Amino acid sequence: MNRSADALLAPLTAAMAGAAALLLAGMLGFLLAESWPALAHGGWLRFVGLAWYPLEGHFGLAAMCIATLAVAALAILLAAPLGLACALFARFQAPPALAAGFRGLLALMAGVPSVVYGFWGLTVLVPLVARWQPPGASLFTAGLVLALMILPTVALLAHAALAAVPRSLLDGAAALGLTQRATLLKVAVPAARRGIAGGVLLGLARALGETMAVLMVAGNVVQLPASVFDPVRVLTANIALEMAYATGTHRAGLFVSGLLLALLVLGLAWFAARLEPRHA
Amino acid sequence: MHSVPGDRLFGLALWGAALSVAAVFAWLFVDLARLGLGALSWDFITTAPENAGRDGGIASILVSTLLILGVAVGVAAPVGLGAAVWLNTYTRAGGGTGRRIRLALDGLAGMPSIVFGLFGNAFFSVYLGLGFSILSGGLTLAAMILPVFIRTVEAGLGAVDDGWRRGAAALGLTQSAALAHVILPAAAPAIGAGLMLGIGRAAAETAALIFTSGYVDRMPESLSDSGRALAVHIYDLSMNVAGGDTHAAASALVLVALVACANLLAVALSRRLLTRRLAL
Amino acid sequence: MNPHTLGCIEAGTPCCVPVPHLSIENLAVSYGDTPVLSDVSLDIYKGCITALIGPSGCGKTSFLNALNRLTDLIPGARVEGRLRLVDGANSLDLLDPGLDVRALRRRVGMIFQRPNPFPLSIRRNLELPLREHGMRRADALAHKIETALSDVGLWEEVRDRLDAPALALSGGQQQRLCIARALVLEPEILLMDEPCSALDPIASGVVEEMIQSLSGRYTVVIVTHNLAQARRIGNYAAFFWMRERIGQLVEFGRCRQIFDAPVHPATAAYIGGMRG
Ligand SMILES: Nc1ncnc2c1ncn2[C@@H]1O[C@H](COP(=O)(O)OP(=O)(O)OP(=O)(O)O)[C@@H](O)[C@H]1O
Ligand SMILES: [Mg+2]
């Protein structure tokens, strides 16, 4: 190791950092370039409609956008309170050995591939729901599977945030004679709200961007759902289903929906960044 | 402690939430095991798939998966390490360039995997002419795991005691020597954790691979051959192959085990690295 | 004998012939736009122990950091004035931007308040700086390591476990290891920033005795809040004080004079306050 190694260090590592950051720009650039044929002809208005018949020139993304948002909303509505409850349980309620085991289970589940959740949803949940509300593959089932998939992440991040709440704050609340419920809900959770909200936003981003788990259980019919038990097709699933054979404007149309997803998630990330305290 | 009735109820609710979540996860595992354990054997691991995967095993698919992972980690680890070193060493807390790069990385980290799939297809497969290949898939996954890896390592480097840096400088060590012998070994656990996160995510990935590394289930002969990853195999068996559920479940068990092992291995490795350094 | 040896020095008495080793004129340090130290001029004498005393925040650490250009590591830190390392007829401008700081830091070692042995084995802690400065031969390395460890009185304590992690040592042993790590490079000057303040009284006593044994062989600049210690080990003392939030050198002289007959009222008050 000599001085010449040092002279190389800064430019070399800077180039690597730059390359990593340029990936984002490159990605957006490529998405835009590939979308161009569809965007250039007919403008963005053609993507607003409900009808998706790309081979006949109908590129309406509205139904799939709405389905995407609905599935993600259902998932986060289920996963956020349950995940927070699990985090509170593991942090404050469970005996230490059980808490460690439970956290281990959550960590294991957080690592389970989404395709496995999808597979289980397809073989177990869909038939189960179908007996009650046919056809089974639906917005509802997709929401359930997604909720299950993001719950460990939400719970683990909420747990980390709760673990960072100083003991003295909780002891102070207890010393005031607050009940455990009040201590947890009025002191611990508000003190950890940033971390918890960050976890929920991350869960939401994952739910919006998930492909396989939804694709396998949502039924994939392009329509505005009349009830939660109707099959729907989300944006990500649409890409996965049609990319294999799409050419020309059709392919470009798929890239448009990819671009839309990217912008949606970037917006979410921007929002999450604003939640964080400055100079954290 | 729990004399207040409301408090008791609250505690019970937490227990209820945690138990039901644990029960659902147990249900999922039991189903997977019930379906797939019967098909799981040494032969399953070591023979090639036949009859679209209904029969035979997953040997070629495991090889493709490991090759894709190898490419992804082989590219992401050095680039990510360099980028993290640069961010940690040469950017200041309030500095503009560093902040912008970190923002870009955070945006990249939240991108849906299907968007990476689109980008990988457009850039690696088509633009660079790599086609549907293990190389395309691996590079796409490298791009996908890079941001999280960088941020984890950077956080680890930031946690390294400043006294060591100043001590190294006061001894007239070069920056490269300080990094190689003191700082990076001290940050080994974070590097291991970052790798673990990356490998876990890459091994679980499906959507980013279907249009980059493809579906071909033959034994790959080189990195420019198409190769089917395990997650893609599960997807294909459960969605497109009638009667593929048993082997899909067995593959899912293998995949979950693989991801879990990768995680444990990375943790153990980072510990080993640290203790070896200590003993040198 | 070591070329820097000027003979035995009794604590508190002047060195035989004061020969400047570091010559400091109008030194000023600022962080960003905030000046923290200004107008410091003094000579650090070869082979002597110079104790820096003064209240917290008056810039003693900043002063030490300027002497071996460790201020380079602090973003926004600026050092102005004249700072020269005198070596016979030659003198080296330490504030020259083109200076080889690695070579400088090899000649001017530093010990920090909190012991900072690297998370490596005891042996590797000493080997690393030697290897990085180009020494490769195994027998020479082993010899230097033994000498340095003996110099700080650690050899007997650790000779059987040189490959044990340095962080497993006690605080006092860690600090002596850090001193050995600086000594192994055979520096001319040692800068010490409150080297005993993180240690218990016994360990502190051991380190203090060890530092005293360095006098004559090395030029030592030591910051300490322990006035009794400064008095015990210093040949010269420099008293820093704050005026309008900026640190300044108020009085410099022989240790005995500063403690027994301080000229400046602030010095007298500070020493008197500490005594009372
Ligand atoms: N990196 C820095 N950036 C900005 N200001 C600093 C920095 N380091 C020190 N200062 C300020 O410079 C002044 C002098 O600090 P310095 O550490 O040199 O004092 P000191 O005499 O060593 O104090 P102590 O006896 O407590 O160690 C203080 O006001 C401190 O707040
Ligand atoms: Mg200080």
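Step by step: first the residues of the range C:32-68, then only those that are within 12 Å of ligand 2 (Cβ to nearest atom) and on the phi > 0 side of the Ramachandran plot, then the one that is surrounded by the fewest Cβ atoms within 10 Å (Cβ to Cβ). Which residue is that? Per the criteria, the residue is C:Gly57.
Between C:Ile222, C:Ile179, the distinction of being within 13 Å of the chain's Cα centre (by Cα) and away from ligand 2 (no atom under 16 Å from the Cβ) belongs to C:Ile179 only. Taking residues in the range C:50-62 that are within 14 Å of another protein chain (Cβ to nearest Cβ) and more than 15 Å from C:Tyr270 (Cα to Cα), and partners anywhere that are assigned to a strand (DSSP E or B) and within 10 Å of ligand 2 (Cβ to nearest atom), the pairs with Cβ atoms closer than 7 Å and at least 6 places apart or on different chains are C:Thr61/C:Asp193; C:Thr61/C:Val223. If you filter the range A:103-138 down to residues that are of a type in the set (Gly, Ala, Ser) and more than 22 Å from A:Gly83 (Cβ to Cβ), you find that the one that is nearest to the other protein chains (Cβ to nearest Cβ) is A:Ala137. For the range B:92-124, filtering for residues that are crowded, with 19+ Cβ neighbours inside 10 Å and either β-branched (Val, Ile, Thr) or not assigned by TED's automatic domain parsing to the domain that holds B:Ala143 (or both) leaves 3. Could you check how many residues of the range B:9-32 are more than 8 Å from chain A (Cβ to nearest Cβ) and surrounded by 15 or more Cβ atoms within 10 Å (Cβ to Cβ)? So the answer is 1. In the condition set (1) more than 16 Å from ligand 1 (Cβ to nearest atom); (2) part of a strand (DSSP E or B), C:Ala142 is compliant with all but (2). Check whether at least one residue in the range C:109-116 is exposed (fewer than 14 other Cβ atoms within 10 Å of the Cβ) and away from ligand 2 (no atom under 16 Å from the Cβ), and report yes or no. No: the range C:109-116 contains no residue that is exposed (fewer than 14 other Cβ atoms within 10 Å of the Cβ) and away from ligand 2 (no atom under 16 Å from the Cβ). Does at least one position in the range B:133-153 carry a residue that is in contact (Cβ under 8 Å) with a residue 24 or more places away in the chain, more than 17 Å from the chain's Cα centre (by Cα) and not in a helix (DSSP H, G or I)? Yes, that holds for at least one residue.
If you check B:Thr47, B:Thr91, B:Thr65 for being touching a helix residue (DSSP H, G or I) at 6+ places or on another chain (Cβ under 6 Å) and either of a type in the set (Asp, Glu) or away from chain A (no Cβ under 14 Å) (or both), only one passes: B:Thr47.
Name the residue, out of C:Val158, C:Val206, C:Val223, that is within 16 Å of ligand 1 (Cβ to nearest atom) and surrounded by 15 or more Cβ atoms within 10 Å (Cβ to Cβ). Reasoning before the result, please.
Details: C:Val158 fails: within 16 Å of ligand 1 (Cβ to nearest atom); C:Val206 fails: within 16 Å of ligand 1 (Cβ to nearest atom).
Matching residue, one of C:Val158, C:Val206, C:Val223: C:Val223.
In the set (1) surrounded by fewer than 23 Cβ atoms within 10 Å (Cβ to Cβ); (2) closer than 22 Å to A:Met16 by Cβ, the condition left unmet by B:Ala169 is number (2). Kindly provide the set of residues from the range C:42-77 that are near ligand 1 (Cβ under 10 Å from one of its atoms) and either farther than 26 Å from C:Arg217 by Cα or assigned to a loop (DSSP other than H, G, I, E, B) (or both), ordered by number. Listed by number, the residues that qualify are C:Gly54, C:Pro55, C:Ser56, C:Gly57, C:Cys58, C:Gly59, C:Thr71, C:Leu73, C:Ile74, C:Pro75, C:Gly76, C:Ala77. If you go through the range B:175-206 and keep only what is within 8 Å of chain A (Cβ to nearest Cβ), within 26 Å of B:Leu255 (Cβ to Cβ) and assigned to a helix (DSSP H, G or I), you end up with B:Gly200, B:Ala203.
Identify, from the list B:Ser238, B:Ser213, B:Ser222, the residue that is at pLDDT 90 or above, away from chain A (no Cβ under 13 Å) and more than 30 Å from C:Ala182 (Cα to Cα).
On the way: B:Ser238 fails: away from chain A (no Cβ under 13 Å); B:Ser222 fails: at pLDDT 90 or above.
Criteria check complete, one pass: B:Ser213.
Would you call C:Asp39 away from chain B (no Cβ under 14 Å), of a type outside the set (Ser, Thr, Tyr), in a loop (DSSP other than H, G, I, E, B) and away from ligand 1 (no atom under 11 Å from the Cβ)? No; evaluated as a whole, the condition is false for this residue. Criterion first (closer than 25 Å to B:Leu179 by Cβ, away from ligand 1 (no atom under 16 Å from the Cβ) and surrounded by fewer than 22 Cβ atoms within 10 Å (Cβ to Cβ)) does C:Ala168 satisfy it? Taking the combined requirement at face value, the residue satisfies it.
Just so you know, in the range B:200-231 the residues that are of a type in the set (Val, Ile, Thr) and touching a helix residue (DSSP H, G or I) at 6+ places or on another chain (Cβ under 8 Å) include one that is nearest to B:Gly129 (Cα to Cα), and it is B:Thr212.
The values are calculated or read from the model by the stated rules, or taken from the named source; none is laboratory data. Everything numeric in this text was worked out from a predicted model, so none of it was measured. Please note: Cβ atoms are built from the backbone with ideal geometry, for glycine as well, and neighbour counts cover all protein chains shown.
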